[in-house]
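Student: Quick one: structure below, then a few questions.
The values are calculated or read from the model by the stated rules, or taken from the named source; none is laboratory data. These numbers come from a predicted model, not from an experiment. Please note: Cβ atoms are built from the backbone with ideal geometry, for glycine as well, and neighbour counts cover all protein chains shown. For the accessible areas, the whole protein counts, side chains as well, though only heavy atoms, and no ligand, DNA or RNA atoms are used. Shrake-Rupley method; radii C 1.70, N 1.55, O 1.52, S 1.80 Å.
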Amino acid sequence: MSSMASCTVPTTKSIVCFRKITKPAAFLSMLHRSSSSSSPRMLLLLSSSSANSAKLLNSNNGSSISSSSKPFRPVMQWQDVTVKMVVDAPASVAYKLYADREMFPKWMPFLSSVEAMEGSPDLSRYLVKLESFGQNIEYHFLAKNLQPIPDRKIHWRSIEGFENRGSVRFFPRGPSSCLVEINFSYEVPNAFAPVAFAMKPFMEKLIRGGLERFATFVKTI
C-alpha cells in the first residue's frame with residue numbers, strides 16, 4: 001500500500017494567484033502594503049499550470065507581476081509537542097503496552113490502524129483519520145521503529161508519508177506508577193500552512209487525550 005495524504009483548506013473571498021515568488025521578503029512587503037491600503041483582501045493560491053513563471057493577480061484591478069524562475073516550493077514548518085502524565089502502572093507494564101504499536105488505536109482513536117510490516121518488524125504503517133478544521137482528514141505514513149531502551153523508551157521516525165518523529169519515555173514513580181512522557185515532532189502539511197498557528201494546540205489536545213485514555217486503559221489490564 002503506497003503512502004498518501006489528502007486534506008482541504010477552507011477558502012476565503014479574496015483572490016490573488018501566484019506560481020513563484022523569487023524574493024520572499026519583497027513579496028511579503030508587497031502583501032503588507034496591499035493589506036493596509038483600500039484594495040480588497042487577497043488570498044494566496046498555488047498554481048501548478050506553469051513551472052517557469054510567476055504571476056500575482058490583484059482581483060481589484062487585474063494588474064500582474066511576472067518573472068521567470070524555478071517552481072515555487074513553500075518553506076515547511078516543524079512543530080514540537082510534549083505531553084506527560086503519571087499513570088497507575090509500573091514502568092515495565094506501560095512500556096510493554098506502548099511497545100506493541102498495533103495496540104495504539106485502543107487509546108488513540110484518531111489512529112484508524114497500525115500494522116507491523118510482515119518480514120520487517122522495525123517498520124509500522126499508520127493510518128490517521130480524524131475530523132478537524134471542518135474537514136475529514138486522512139494520512140498514511142510508514143515509520144521506522146528505532147532501537148528501544150527496555151522499560152524506558154520507545155521512539156520512531158517516519159520514512160514515508162506524513163513527516164513526523166517522536167518518543168515515549170517511562171519514568172518509575174514507585175512500584176505501581178510511572179510518568180509517561182510523549183514527545184512528538186511533525187511537519188505541518190502544506191495544505192495547513194495558512195492555519196499553522198492552530199496546529200500545535202490542536203495536536204497537543206489530541207495527544208493529551210490519547211494519554212488520558214491510556215491512563216484509564218492501563219487500569220483495566
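Student: Given the condition surrounded by 15 or more Cβ atoms within 10 Å (Cβ to Cβ), among the charged types (D, E, K, R) and either under 19 Å from Ser124 (Cβ atoms) or under 14 Å from the mean Cα position of the chain (by Cα) (or both), answer yes or no: does some residue in the stretch 207-221 qualify?
Tutor: Keep residues of the stretch 207-221 that are surrounded by 15 or more Cβ atoms within 10 Å (Cβ to Cβ), which gives 207-211, 214-215, 217-218.
Now restrict to residues that are among the charged types (D, E, K, R): 208.
Next, from what is left, pick out any that are either under 19 Å from Ser124 (Cβ atoms) or under 14 Å from the mean Cα position of the chain (by Cα) (or both): none.
Checking the stretch 207-221: not a single residue is surrounded by 15 or more Cβ atoms within 10 Å (Cβ to Cβ), among the charged types (D, E, K, R) and either under 19 Å from Ser124 (Cβ atoms) or under 14 Å from the mean Cα position of the chain (by Cα) (or both).
Student: Still on this model: Can you tell me how many residues in the stretch 157-182 are open to solvent by 40 Å² or more (accessible area, probe 1.4 Å) and not in a loop (DSSP other than H, G, I, E, B)? Break it down into steps so the answer makes sense when it comes.
Tutor: Pass one, the stretch 157-182, residues open to solvent by 40 Å² or more (accessible area, probe 1.4 Å): 157, 159-160, 163, 165, 169, 171-176.
If we keep only those that are not in a loop (DSSP other than H, G, I, E, B) as well, we get 157, 159-160, 165, 169, 171-172.
The total comes to 7.
Student: Here are some conditions: (1) assigned to a helix (DSSP H, G or I); (2) surrounded by 18 or more Cβ atoms within 10 Å (Cβ to Cβ); (3) aliphatic (A, V, I, L, M). Ile154 meets all but one. Which one does it not meet?
Tutor: Condition not satisfied by Ile154: (1).
Student: Considering the stretch 136-151 alone, what residues qualify as being surrounded by 15 or more Cβ atoms within 10 Å (Cβ to Cβ) and either free of Cβ contacts under 8 Å to residues at least 24 places away in the same chain or within 17 Å of the chain's Cα centre (by Cα) (or both)? So that I can check it myself, show each step before the final result.
Tutor: Let us first name the residues in the stretch 136-151 that are surrounded by 15 or more Cβ atoms within 10 Å (Cβ to Cβ), namely 137, 139-145, 148, 151.
Of everything in the stretch 136-151, those that are surrounded by 15 or more Cβ atoms within 10 Å (Cβ to Cβ) and either free of Cβ contacts under 8 Å to residues at least 24 places away in the same chain or within 17 Å of the chain's Cα centre (by Cα) (or both) turn out to be Ile137, Tyr139, His140, Phe141, Leu142, Ala143, Lys144.
Student: Do the conditions hold for Pro189, that is, is it modelled with pLDDT under 95 and in contact with a strand residue (DSSP E or B) (Cβ under 7 Å, 6 or more places away or on another chain)?
Tutor: Values: modelled with pLDDT under 95: yes; in contact with a strand residue (DSSP E or B) (Cβ under 7 Å, 6 or more places away or on another chain): yes.
For Pro189, the condition - modelled with pLDDT under 95 and in contact with a strand residue (DSSP E or B) (Cβ under 7 Å, 6 or more places away or on another chain) - is met.
Student: Continuing with this model, one more query. Return a yes/no flag: does the stretch 143-151 have any residue that is among the basic types (Lys, Arg) and outside any strand (DSSP E or B).
Tutor: Pass one, the stretch 143-151, residues among the basic types (Lys, Arg): 144.
Applying the additional criterion that residues be outside any strand (DSSP E or B) yields none.
No: the stretch 143-151 contains no residue that is among the basic types (Lys, Arg) and outside any strand (DSSP E or B).
Student: Let me spell it out: the conditions are (1) closer than 14 Å to Tyr126 by Cα; (2) of a type outside the set (A, V, I, L, M); (3) touching a His at 6+ places or on another chain (Cβ under 8 Å); (4) free of Cβ contacts under 8 Å to residues at least 24 places away in the same chain, and Ser167 meets all of them except one. Which number is the exception?
Tutor: Single failed check for Ser167: (1).
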